[in-house]
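Comments concern the structure below.
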Amino acid sequence: MAPSFGKVDLVVTLGASDQIQLLTGDGKGAFTPQTAINVGAKKPISMALGDLTGDGKLDAVVGHLAGNGFTVFINAAGVLGSPSNQVLNAFANITSVALADAQSTYQVAPNTHIWRRKERS
């Protein structure tokens, strides 16, 4: 994702063109299209953002209707890197993607839709 220094950006799937697109936020509710990233002929339909590498930067996981899997984009210095396609042979037509540490306890942060690790007592 392009660095926007604390401003919220938007990443969307463009299934008809087999791309995802980054739109940088201006901090006032408007977005400017920046980069369209090719996912290949995979029909991207869903996406989840999360820090997959522990570096504090949001990476992207894209579920797609074709290709029997999903695509991972690692954020390197504010730019999504080359796609890494992960194939799940037993599954096809992934319509939804979610990220969580399924082996830990999480809760939704107050007044948001953001999942955060629940503090242990």
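The table below gives the values:
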quantity	calculated
Subset tally (residues that are under 17 Å from residue 93 (Cβ atoms) and either of a type in the set (D, E, K, R) or open to solvent by 70 Å² or more (accessible area, probe 1.4 Å) (or both)) for segment 18-49	5
Matching residues in segment 7-17 - criterion: being in a strand (DSSP E or B) and either open to solvent by 40 Å² or more (accessible area, probe 1.4 Å) or at positive phi (or both)	10, 12, 13, 14
Residue match in segment 50-65 (condition: in a loop (DSSP other than H, G, I, E, B) and modelled with pLDDT under 85)	yes
Test result for residue 77, of a type outside the set (S, T, N, Q) and either within 24 Å of residue 16 (Cβ to Cβ) or open to solvent by less than 60 Å² (accessible area, probe 1.4 Å) (or both)	no
Filtered residues of segment 42-72 (kept if in contact (Cβ under 8 Å) with a residue 40 or more places away in the chain, more than 16 Å from residue 16 (Cβ to Cβ) and within 8 Å of the chain's Cα centre (by Cα))	48, 49, 50, 58, 60
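The values are calculated or read from the model by the stated rules, or taken from the named source; none is laboratory data. Only a predicted model underlies this, so the values are computations on that prediction, with no experimental measurement involved. Note: ideal-geometry Cβ built from the backbone for every residue, glycine included; neighbour counts use all protein chains shown. For accessibility, only protein heavy atoms count, side chains too; no ligands or nucleic acids. Shrake-Rupley method; radii C 1.70, N 1.55, O 1.52, S 1.80 Å.
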